[in-house]
Amino acid sequence: MESAGIRGKVAIVTGAAQGIGEAVARALAGLGAIVAAVDRNADGISGLVADLSASDLHAVAYPADVGDSSAVDEVVERIERELGPIEMVVNVAGLLRTGPIESLSDEDWKATFAVNVNGVFYVSRSIVRRMALRNSGSIVTVGSNASGVPRAQMSAYAASKAAATMFTKCLGLEYARHNIRCNIVSPGSTDTAMQRALWSSEDGARAVIAGSPEAFRLGIPLGKLAMPSDIADAVVFLVSDRARHITMHDLCVDGGATLGC
């Protein structure tokens, strides 16, 4: 994909230490963005930045917990001071706690919302204030196809992603007058460490692709899992100038698993 207004701009990517966040950071850096890699996994983002720097790409590690409001404000201020005005934001940091509703603890629920909802709110709020003064910016939240379709034993995750999705749409509505576009990319099952943690055997991918009638879960019509790069490509499109007239949109990238619902 061409840079399309990405080259030379500062992009903050949360959850950049692995999986989809790492793929997004690599994709944006490869198109010439100055990437601020944010994650509470300091070693993970340090390794990512070292790898990108070795390829003459521009990225800087900023360890932070997105669930901590003060820490978010501090790191955003530092990024703008050290790298320049943030023009692109990709909220990827996420947490998955599974199990029957009756077995979910208070800590499971709170921890899930602290990252998946509060993190999106804190990061977006901190940065959109600055973007509004410049009348320019693009924010993408990586949600989930589970935000619109009930999932057995994934109630906390699905509810948190639904909240983050609606928050991002409201954000887009409020700040459209400032030329700030806010969109969502909703992946389905993607080959990441989070996905593999759900598998009980080496045949986990096959089971996901086939679906599970007992769990009221359809399979994947395209017959394959997404790769992190598939999600990153959708994110890059939405933050780029090629999507300059798109806002409050939820782009589902799930191989047809939710039948377009």
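Read the figures in this text as sums done on the coordinates, not as results from a lab. Quantities reported herein were computed from a predicted structural model and do not represent experimental measurements. For neighbour counting, all protein chains shown are included, and Cβ atoms are generated from backbone atoms with ideal geometry for every residue, glycine included.
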_Below 14 Å, Cα to Cα, which aspartates and glutamates can K224 reach? Residues fewer than 8 away in the same chain don't count._
D191, D203, D254
*Where the eigenvalues come from the Cα gyration tensor of segment 60-146, what are the semi-axes √(5λ) of the equivalent ellipsoid, largest first, in whole Å?*
28, 14, 10
*Could you pull out every residue, at least 5 positions away or on a different chain, whose amide H is within less than 5 Å of the one on L95? Hs are placed 1.01 Å off N in the peptide plane, and Pro or chain starts have none.*
N116
*Got a sec? Which residues in segment 144-175 would a label at E214 touch, if it sits 7 Å along Cα→Cβ and we count backbone N under 14 Å?*
152-153
_What does the extension gain come out to for H245 and R206, with contour length at 0.36 nm per residue minus their alpha carbon separation?_
10.2 nm
*Please quote Rg/Rh for segment 108-152 to two decimal places, taking the Kirkwood radius as Rh and restricting both calculations to Cα atoms.*
1.10
*Do me a favour and compute the ellipsoid semi-axes for segment 147-261 from its Cα gyration tensor, root of five times each eigenvalue, largest one first, whole Å.*
29, 16, 12
_Label point distance in nm, W109-A50, each placed 7 Å from Cα along Cα→Cβ_ = 4.2
_CD proxy at 222 nm, helix term only [per DSSP H run n ≥ 4: -39500 (n - 2.57); per residue of the chain; nearest 500]_ = -12500 deg cm²/dmol
*Taking springs between alpha-carbon atoms closer than 10 angstrom, which of R196, R130, R181 fluctuates most in the Gaussian network model of the chain?*
R196
*Under 16 Å from a point 7 Å along the Cα-to-Cβ line of K224: which residues of segment 247-261 have their amide N that close?*
253-257
*Would you list, by chain and number, the lysines whose Cα falls below 20 Å from the Cα of K169, excluding same-chain residues fewer than 8 positions away?*
K161
*Taking the convex hull of the alpha carbon atoms in segment 1-57, what volume per residue do you get, in Å³?*
65
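Across all directions of projection, what mean area in square nanometres is found for the Cα convex hull of segment 98-180?
5.4
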_Under the rule that an exposed site lies in a DSSP loop and has at most 12 other Cβ atoms within 10 Å, name the longest stretch of the chain with no GluC sites (Glu not before Pro) of that kind, not counting the sites themselves._
3-201
*If we restrict to alpha carbons, what Rg and Dmax does segment 18-86 come to, in Å?*
11.6, 33
*Pick out which of G148, G67, G19 has the largest mean-square fluctuation in a Gaussian network model of the chain, springs linking Cα atoms closer than 10 Å.*
G148
*Provide the FRET efficiency to the nearest 0.05 for the E77-R7 pair, computing r from the beta carbons and using R0 = 25 Å.*
0.55
*In straight Cα distance, which aspartates and glutamates are under 16 Å from K110, not counting same-chain residues fewer than 8 positions off?*
D65, D68, E102
*Among D68, D106, D56, which one moves the most in a GNM of the chain with springs linking Cα atoms closer than 10 Å?*
D106
